[in-house]
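Novice: Pasting a structure here, questions to come.
The values are calculated or read from the model by the stated rules, or taken from the named source; none is laboratory data. Quick caveat: nothing in here was measured; it's all calculated off a predicted structure. Counting neighbours? That spans all protein chains shown, and the Cβs are built from the backbone with ideal geometry, glycine included. Surface areas here come from the heavy atoms of the whole protein model, side chains and all, with no ligands, DNA or RNA. Shrake-Rupley method; radii C 1.70, N 1.55, O 1.52, S 1.80 Å.
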Amino acid sequence: MKRYLIQIQTNFTREPGEKMMVFVDDRELYEAKPMETISIVLEEGFHMIRFRYKIRDKLMPLLVSSGYTIAANYNSLSGLIEVNIRKTPDSENGIDDNELKFMDMTEPSVVSKEGRKGLDIAIEDDDPVYVFSGTSGLKEGVLRIYEKRLEFATTKDLKIETVRYSNVIAVKPKMGSIDLQCEGNVHKVYSIPKENYNEVMAFLNNRIAKEQ
């Protein structure tokens, strides 16, 4: 099967830390800075490329039968991502390993075996597994438990406290609450409804063990 060089050029507002995310076939995620070029190789056939910048998404189906240069521009006036595709001249025969040796290919930031779900989890854009009204100390709020983190949003000031399981050493029961022991001997305690307590404890123990 033939393979082709695809180069994606990004252009958007130069703001500190801002990146455009490029998803390829919902399996790979690439992150680009302004005016940066992503170089990847795709096999011939149908592919789906998705661009994301801030809250905007642009979905682009692509039938690959030659090399292409793709310009992805964020239009700050319309608030839309605009895409322009140019076919690379004389590229129908594809690219071989010898040619690739002399090219600087871009490594993906994330590779997902679970498709889009895995990518959403990686960029923390997934839906919560559990949502409860609860407390943390004297603060009331909403606890959202995800695959790789939990978030507690206080009702009064809407501040969000995030605990990532990769930073948790252990989770222990504590009088109807969960006690997350984090690095640096920091403890985060959240109340859990009685009817969900054992299920949530089992879930957290399982997820935290996988992140260690």
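Novice: Can you give the FRET efficiency to the nearest 0.05 for residue 135 and residue 41, using r as the Cβ-Cβ distance and R₀ = 35 Å?
Specialist: According to the calculation, E is roughly 0.10.
Novice: Moving to a separate point now. Rounded to the nearest percent, how much of the accessible area of the chain (1.4 Å probe, protein heavy atoms only) is carbon and sulfur? Mind showing how you got there, number by number?
Specialist: Working: 6140 of 12730 Å².
Reported share for carbon and sulfur atoms: 48 percent.
Novice: Leaving out same-chain residues fewer than 8 places away, which lysines sit with a Cα under 16 Å from that of residue 54?
Specialist: Qualifying lysines at Cα under 16 Å: 19, 33.
Novice: For the pair residue 83 and residue 98, how long in nm is the line joining their label points, each one 7 Å along Cα→Cβ?
Specialist: So the label points at residue 83 and residue 98 sit 3.4 nm apart.
Novice: Among the trypsin sites (Lys or Arg not before Pro) in region 1-87, which ones are in a DSSP loop with at most 11 other Cβ atoms within 10 Å of the Cβ? Mind listing them?
Specialist: 14
Novice: Full-extension gain between residue 179 and residue 1, please, as 0.36 nm times their residue separation minus the C-alpha to C-alpha distance.
Specialist: That pair, residue 179 and residue 1, stretches by 58.7 nm at full extension.
Novice: Residues of the chain: accessible area per residue at 1.4 Å, in Å²?
Specialist: 60
Novice: Round to the nearest 10 and give me the degree value, 0 to 90, for the angle of helix 197-211's Cα axis relative to the longest principal axis of the chain.
Specialist: So the inclination is approximately 40 degrees.
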